[in-house]
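Inspection log for the structure reproduced underneath, given as structure tokens.
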């Protein structure tokens, strides 16, 4: 049986917009966004130290990003220029040891190398304290 196309006089409209993120996730993210905003407020960039921090860089990335999203041990307050630099040169110019060194220098209260490695799913020996300290010199 051949069906004819549906001829509508008016376009089909949704009564409610489609939410790409669930309400539960939105509420959790909203609470974290406020914390992250306060984290970078009145701070200098953890990388260059010369500019005001515009962004919050998460040291945990990829599959571990969601786990580390709410953990302040994985955050760096950075300016936009340094944030772009970290993402485009993260393996050569900004390895994990250097990111941890910036965290240790500028936010020692929340520096936790072992926690970051655990979140990223790496062995405790993947980045040693000595490797982090080399970037501080």
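Any read-out appearing in this document is the output of simple, stated calculations on the displayed coordinates, not a laboratory observation. Computed from a prediction, not measured in an experiment: that's the story for all the values here. When we count neighbours, we look across all protein chains shown, and the Cβ atoms used for this are built from the backbone with ideal geometry, even at glycine.
What shape does region 22-96 take by its C-alpha gyration tensor, where a ≥ b ≥ c are the square roots of the eigenvalues and a/c under 1.5 counts as rounded, a/b above b/c as prolate, and the rest as oblate?
On the way: a/c = 2.52, a/b = 1.36, b/c = 1.85.
Here region 22-96 falls in the oblate category.
Determine, from the Cβ-Cβ distance of residue 35 and residue 61 and an R0 of 25 Å, the FRET efficiency 1/(1 + (r/R0)^6), rounded to the nearest 0.05. The calculated FRET efficiency here is 0.85. Springs between Cα atoms under 10 Å define the GNM used for the chain, and in it the highest mean-square fluctuation of 20, 108, 11 occurs at 11.
Taking square-rooted eigenvalues a ≥ b ≥ c of the alpha carbon gyration tensor, is region 95-137 rounded, prolate or oblate, where a/c under 1.5 means rounded and, failing that, a/b exceeding b/c means prolate? Display every interim value, and only then the final one.
Details: a/c = 2.15, a/b = 1.31, b/c = 1.64.
Verdict is oblate for region 95-137.
What 222 nm value per residue comes from the helices of the chain, counting each DSSP H run with n ≥ 4 as -39,500 (n - 2.57) and dividing by all residues, nearest 500 deg cm²/dmol?
-12500 deg cm²/dmol
In this label model, residue 88 and residue 115 are separated by 3.2 nm, measuring between points 7 Å along each Cα→Cβ vector.
Residues considered: 16, 74, 35. Largest GNM mean-square fluctuation over the chain, using C-alpha springs under 10 Å, is found at 16. Between the helical axis of 96-106 and the longest alpha-carbon principal axis of the chain there is an angle of about 70 degrees. The angle separating the long axis of helix 23-40 from the principal Cα axis of greatest extent in the chain is about 30 degrees. Given the options 25, 40, 13, which has the most mean-square fluctuation in a GNM of the chain, springs set between C-alpha atoms less than 10 angstrom apart? Evaluated over the chain, the most mobile residue of the options is 13. For the chain, what relative contact order do you get, as a whole percent, if you take Cα pairs closer than 8 Å and at least 6 residues apart? Here the relative contact order equals 19 percent. When only alpha carbons of the chain are considered, Rg and Dmax amount to 21.3, 79 Å.
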